[in-house]
Amino acid sequence: MQLGLIGYYSDFVVYPIVILVLAAAGLTEAGAERAPGWIAIVVGCLVLWTLTEYVLHRFVLHHVPYIKDLHDRHHVEERSSVGTPTWLSLGVHALVAFLPVWLLSGFVAASAVSCGLMLGYLWYVSIHHMIHHWHPIHPSYLYTLKRRHAVHHHIDENANFGVTSVFWDRVFRTARL
Ligand SMILES: [Zn+2]
Ligand SMILES: [Zn+2]
C-alpha cells in the first residue's frame with residue numbers, strides 16, 4: 001500500500017520497541033534457568049524468518065491478487081514508499097505466530113518465537129530500505145545483496161527472492177548472479 005513518510009518509517013521505531021518490551025517480559029518470566037532455551041528459540045526463529053521471507057516474496061508478493069499489483073508497483077517505482085503498514089504486519093504476526101504459540105506453549109515460548117521472527121522482519125525491512133536508497137561500496141555484503149535484488153527487480157523476477165540472504169535461492173535453485 002502507498003504509505004506516507006511516517007507510515008514508511010514507523011517499522012523502524014515500532015518494531016524495536018515491541019521486540020525490547022517482549023524480550024524483557026519473556027526473559028523475566030523465563031528466569032535464569034530457562035533463559036538459554038529462550039535465546040535458542042529466538043536464534044532458531046531468526047533463521048526461520050529467512051525461509052519465511054523467501055516464501056512470502058515468491059508465493060505471496062508475486063502471486064496473490066491485489067498484493068501482486070502493489071508489489072509490481074514496487075518493482076517499477078522502487079524508491080517510492082509502497083510497503084506494508086506496521087499495523088498490518090504486526091497484526092498478521094500476532095494472529096499467525098504469537099497468539100497460537102501462546103495458547104499452545106505459553107508466554108515464554110511465544111515471546112521468544114515472536115522476538116526471533118520480528119528481529120528477522122526488522123532486519124529484512126532495514127536491508128530492503130538500504131539496498132534501494134544507499135550506495136554501498138564494492139565489494140561488500142550490502143553491495144552483493146543490492147546487485148542480486150536489482151537483478152530480481154529489472155532482469156528476472158523469477159530469481160533472487162531472498163533479500164537478506166542467498167541461501168534459500170540456492171536451495172530452491174532460483175539464484176541468479
Ligand atoms: Zn519481487
Ligand atoms: Zn525491492
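The values are calculated or read from the model by the stated rules, or taken from the named source; none is laboratory data. Small disclaimer: the values here were computed from a predicted structure and weren't measured. Here the Cβ is made from the backbone with ideal geometry for all residues, glycine too, and neighbour counts use every protein chain on show.
Quickly run through segment 140-168 and pick out the residues that are more than 21 Å from D72 (Cβ to Cβ) and either in contact with a Ser or Thr (Cβ under 6 Å, 6 or more places away or on another chain) or within 13 Å of ligand 2 (Cβ to nearest atom) (or both).
Hits for segment 140-168 are L145, R147, T164, S165.
Name the pairs: first residue in segment 30-47 and in contact (Cβ under 8 Å) with a residue 60 or more places away in the chain and small (G, A, S), second residue assigned to a helix (DSSP H, G or I) and surrounded by 12 or more Cβ atoms within 10 Å (Cβ to Cβ), Cβ to Cβ under 7 Å, at least 6 apart or on different chains?
From segment 30-47, the pairs are A30/W38; A30/V108; G44/G116.
Just to be sure I understand, how many residues within segment 46-67 are charged (D, E, K, R) and within 13 Å of ligand 2 (Cβ to nearest atom)?
Number satisfying all stated conditions: 1.
Specify the residue that is modelled with the lowest pLDDT; the eligible residues are those in segment 45-100 that are under 14 Å from the mean Cα position of the chain (by Cα) and of a type in the set (S, T, N, Q).
For segment 45-100, the residue satisfying everything is T84.
Give me a count of the residues in segment 14-56 that are within 16 Å of A110 (Cβ to Cβ) and polar (S, T, N, Q).
1
Within segment 149-164, is even one residue part of a loop (DSSP other than H, G, I, E, B), buried (at least 19 other Cβ atoms within 10 Å of the Cβ) and of a type in the set (F, W, Y)?
Yes, the conditions are met somewhere in segment 149-164.
Taking the condition of being of a type in the set (V, I, T), within 17 Å of L177 (Cβ to Cβ) and away from ligand 1 (no atom under 16 Å from the Cβ), how many residues in segment 128-150 meet it?
Result for segment 128-150: 1.
If you check L70, L22, L5, which single one turns out to be closer than 26 Å to H132 by Cα, surrounded by 13 or more Cβ atoms within 10 Å (Cβ to Cβ) and either within 16 Å of ligand 2 (Cβ to nearest atom) or in contact (Cβ under 8 Å) with a residue 24 or more places away in the chain (or both)?
Result: L70 is the single residue among L70, L22, L5 that is closer than 26 Å to H132 by Cα, surrounded by 13 or more Cβ atoms within 10 Å (Cβ to Cβ) and either within 16 Å of ligand 2 (Cβ to nearest atom) or in contact (Cβ under 8 Å) with a residue 24 or more places away in the chain (or both).
For A35, are the conditions met, namely being touching a Leu at 6+ places or on another chain (Cβ under 8 Å) and either more than 16 Å from ligand 1 (Cβ to nearest atom) or under 20 Å from V163 (Cβ atoms) (or both)?
yes
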